[in-house]
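What follows draws every value from the coordinates through simple rules; no lab data is involved. Computed from a predicted model, the values in this text were never measured in an experiment. Glycine gets a Cβ as well: all are built from the backbone with ideal geometry, and neighbour counts include every protein chain shown.
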Amino acid sequence: MNVTTILKAKGRSVTTARPETSLLDVSQKLAAKRIGAVVVVGDNGDVVGIISERDIIRAIGDRGAAALAAPVAEFMTRNVVSCTEFTPVDELMETMTNGRFRHMPVIAENALVGIISIGDVVHHHVAEVELEVSVMKNYLATG
Ligand code: AMP
């Protein structure tokens, strides 16, 4: 299984924000869309950062509620680790586990074409295991 398999099921839309967007606006996006991270893009749509719920909690913990009025550029992670559509899911899990983050933007020809969360990976893994179990059960019943 690779990233394309997961993107086919979940779709390719990615919630993005500009660096100057306030932390409050980004928090509202996360809440409205029930997601854990937003990719921050520059003028050409190029990825310039990622901001997750963890960064928002840290910002409020450090600076209090005043942080919500500040631009997301002050709190985002700039060194974004991304994958391609052909990255195997095992490799994706290893990168996320080693890097201690749960979101990976997918890049194709310098364009943002999707995002995979650890939840998406787990969901697909469970679906695969369920399929295997049902095939085995069927095999045993008819074999
Ligand atoms: P998360 O586990 O995704 O909530 O993120 C935990 C921390 O890692 C936060 O500081 C994020 O900004 C950062 N982060 C999330 N995804 C990535 C990524 N793909 N590359 C680099 N940092 C990331």
Once Lys and Arg get +1 and Asp and Glu get -1 on their Cβ, which of GLY49, VAL129, ALA31 lies farthest toward the positive end of the dipole of the chain? ALA31
Theoretical ellipticity at 222 nm over the chain - DSSP helices of four or more residues, -39500 (n - 2.57) apiece, nearest 500: -14500 deg cm²/dmol
Go through 18-24, 35-41 and give me the packing order, highest mean Cβ count within 10 Å leading. 35-41, 18-24
Which of the chymotrypsin sites (Phe, Trp or Tyr not before Pro) across region 41-143 are loop residues per DSSP, with 13 or fewer other Cβ within 10 Å? PHE86
Under Stokes-Einstein, the chain at 4 °C and 1.567 mPa s, with its Kirkwood radius over C-alpha pairs, diffuses with a coefficient in µm²/s of 78 µm²/s
Simple Cβ-charge dipole of region 3-142, Lys/Arg +1 and Asp/Glu -1, about Cα centre, in debye nearest 20: 420 debye
Where trypsin sites (Lys or Arg not before Pro) fall in DSSP loop in region 61-140, at most 16 other Cβ within 10 Å: ARG78, ARG100
Using a Förster distance of 25 angstrom, determine the FRET efficiency expected from the C-beta separation of ASN138 and LYS8, and round it to 0.05. 0.50
Here the net charge surrounding ASP120, from other residues whose Cβ is less than 11 Å away from its Cβ (Lys, Arg +1; Asp, Glu -1), is +2
